[in-house]
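The values are calculated or read from the model by the stated rules, or taken from the named source; none is laboratory data. Just so we're clear, the structure is a prediction, and the values are computed from it rather than from any experiment. All Cβ positions, even for glycine, are placed from backbone atoms using ideal geometry, and neighbour counts span all protein chains on display.
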Amino acid sequence: MITSAMIKELRERTGAGMLDCKNALTEKEGDIEKAIEYLREKGLAAAAKKAGRIAAEGLCESYIHGGGRIGVLLEINCETDFVAKTDAFKALARDICMQIAASRPEYVRREDVPEAVLEKEKEIFTAQALNEGKPANVVEKMITGRVEKFYKENCLLEQPFIKEPDKPVSRLLAENIAAIGENINVRRFTRYELGEGLEKRKDNFAEEVMAQLK
């Protein structure tokens, strides 16, 4: 069982993000030393050391899908104008735009979710659990699990990357930080969908975006 104490220790020893530490411990069945090696091999420990550096350069990337049916505008930052102009950085920006188009995140990271939204979701989850006839002593654990699922579905950095579903977007970002050698930060995005809020047929945009990649 992976505990919060184990995750905390791994974070302190490597400086890697909480989600990456949790994934590393899960991958290595709770062995902290092997998890450290895993993070180093992936470049995530090194990436964490760059995470505190100021990233004020970058670019605004746009992506239009389906002949104008979906539009994404993204601001992604790095440390220097030189890196912002590289093909690798531009490719990352485009990948993240496509992620947003396909997976419809509402927020960049879990810290961006307003407390009022989170409390409302918890109320809904609690009602669902009680309606399912679950005992009161297990409802709290169910709520925790469903809140984590909410983060995974609605926060960009916690979503599975559309090109490699076993990898969260946070890891994609960390790998690029390690490879490029600069801190990279997704600052904000806006996603537009034609006719959003109006009654219309539903399409599987994730499948369409993936089909476009082939």
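Just a few scattered comments:
- Pairs with Cβ under 8 Å, 6+ apart, first in the stretch 108-120 and outside the structural domain of GLU75 (by TED's automatic domain parsing) and over 26 Å from PHE161 (Cα atoms), second among the β-branched types (Val, Ile, Thr) and at pLDDT 95 or above: none
- For the stretch 165-201, filtered to residues that are out of contact with any helix residue (DSSP H, G or I) (no Cβ under 8 Å at 6 or more places or on another chain) and assigned to a loop (DSSP other than H, G, I, E, B), the residue that is modelled with the highest pLDDT is LEU194.
- Every test in (1) surrounded by fewer than 18 Cβ atoms within 10 Å (Cβ to Cβ); (2) under 12 Å from LEU156 (Cα atoms); (3) of a type in the set (Lys, Arg) is passed by ARG110 save one, and that test is (1).
- Qualifying residue in the stretch 46-56 (condition: of a type in the set (D, E, K, R) and more than 30 Å from GLU27 (Cβ to Cβ)): no
- Subset of the stretch 76-107 (residues that are part of a strand (DSSP E or B) and within 19 Å of GLU158 (Cβ to Cβ)): ILE76, TYR107
- Taken over the stretch 138-173, the criterion of being more than 14 Å from TYR107 (Cβ to Cβ), surrounded by 15 or more Cβ atoms within 10 Å (Cβ to Cβ) and among the hydrophobic types (A, V, I, L, M, F, W, C) is satisfied by VAL139, MET142, ILE143, PHE161, ILE162, LEU172, LEU173.
- Looking across the stretch 57-102, just one residue is without any contact (Cβ under 8 Å) to a residue 24 or more places away in the chain and aromatic (Phe, Trp, Tyr), and that is PHE82.
Matching residues to (1) assigned by TED's automatic domain parsing to the domain that holds ARG187; (2) more than 16 Å from ASN176 (Cβ to Cβ):
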site: ARG11; (1), (2): no, yes
site: THR14; (1), (2): no, yes
site: ASP20; (1), (2): no, no
site: ASN23; (1), (2): no, yes
site: THR26; (1), (2): no, yes
site: GLU37; (1), (2): no, yes
site: LEU73; (1), (2): yes, yes
site: VAL83; (1), (2): yes, no
site: GLU106; (1), (2): yes, yes
